[in-house]
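The values are calculated or read from the model by the stated rules, or taken from the named source; none is laboratory data. Just so it is clear, the model here is predicted, and its values are computed rather than measured. For neighbour counting, all protein chains shown are included, and Cβ atoms are generated from backbone atoms with ideal geometry for every residue, glycine included. When the accessible area is computed, the model is the full protein with side chains, heavy atoms only, and any ligands, DNA or RNA have been set aside. Shrake-Rupley method; radii C 1.70, N 1.55, O 1.52, S 1.80 Å.
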Amino acid sequence: MVREIHEMASRDAVKRAEQLVERAMKGNDASHDAAHVWRVRDLALSLAREEGLSSNHHSMEIVELAALLHDIGDYKYLRDPSEEKLVENFLEEEGIEDSKKIKILNIIKGMGFKDELSGLGNHEFSPEFGVVQDADRLDAIGAIGIARCFTFGGNRNRVLHDPAIQPRLDLSKEQYMKKEEQTTVNHFHEKLLKLKDLMKTKAGQRRAEKRHKFMEEFLKEFYEEWDGRA
């Protein structure tokens, strides 16, 4: 009975998290919209099952809530400083117990590529962190990743490609976060092609292989067409 009550409360929290996603991410371009979050949630739960977490209800709840809330207050889309506190306030209001709340917030805070660049990436990470981060990174590569990359570049008025602008291969966190002139295609070399080797879970690594190959094929074709060779 107690377990059933807890599971119902958990489903209610998930439902309200979905509503928060709809509200907070409305107006974002399609590279970071609610559909991105639904895909990451589904991927994270799927990876969690493959990694053997499904027998632990608490783990699955942490994975689902962290995946749903991971992009709320993203620095790239902040319209108001108060948005940085939305997730924390939500977890407080939902009465999520402290141990879970801390895990969820730690997953969200440690997920970004910029932290990996600064050496702050999670060397010691929980299984829940691994599946949520891998899910987010899987959505950044492959066919969907290509679509998202060009959507984001278009939204920021970036040029598709300029052979005179070389990709910055040894990026620092500061350079990565700077909005300096950069091309959309260079983002593949600066970030997306690196993600396969940064996967934390076996399940994530398996899926990343196929998506990575697809991006390599795409870029090969892109350069041939750009140069009029195809």
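Structural remarks
- Within the range 127-163, the set of residues being under 17 Å from Thr201 (Cβ atoms) and at pLDDT below 95 is empty.
- Candidates in the range 205-219 are the residues that are open to solvent by 90 Å² or more (accessible area, probe 1.4 Å) and touching a residue at least 60 places away in the same chain (Cβ under 8 Å); of these, the one that is farthest from Asp134 (Cα to Cα) is Phe214.
- Taking (1) open to solvent by 20 Å² or more (accessible area, probe 1.4 Å); (2) under 27 Å from Cys149 (Cβ atoms); (3) aliphatic (A, V, I, L, M) in turn, Ala17 satisfies each apart from (1).
- With respect to (1) within 19 Å of Leu198 (Cα to Cα); (2) of a type in the set (Val, Ile, Thr); (3) without any contact (Cβ under 8 Å) to a residue 12 or more places away in the chain, the lone exception for Ile102 is condition (1).
- Qualifying residue in the range 46-60 (condition: more than 16 Å from Lys200 (Cα to Cα) and among the charged types (D, E, K, R)): no
- Residue within the range 3-24 that is modelled with pLDDT of 95 or more and part of a loop (DSSP other than H, G, I, E, B) present: no
- Only one of Leu69, Leu53 that is touching a Ser or Thr at 6+ places or on another chain (Cβ under 6 Å) and open to solvent by less than 40 Å² (accessible area, probe 1.4 Å): Leu53
- The range 151-169, subset β-branched (Val, Ile, Thr) and in a loop (DSSP other than H, G, I, E, B), residue least open to solvent (accessible area, probe 1.4 Å): Ile165
- Condition met for Ala44 (among the aliphatic types (A, V, I, L, M), under 12 Å from the mean Cα position of the chain (by Cα) and not in a loop (DSSP other than H, G, I, E, B)): yes
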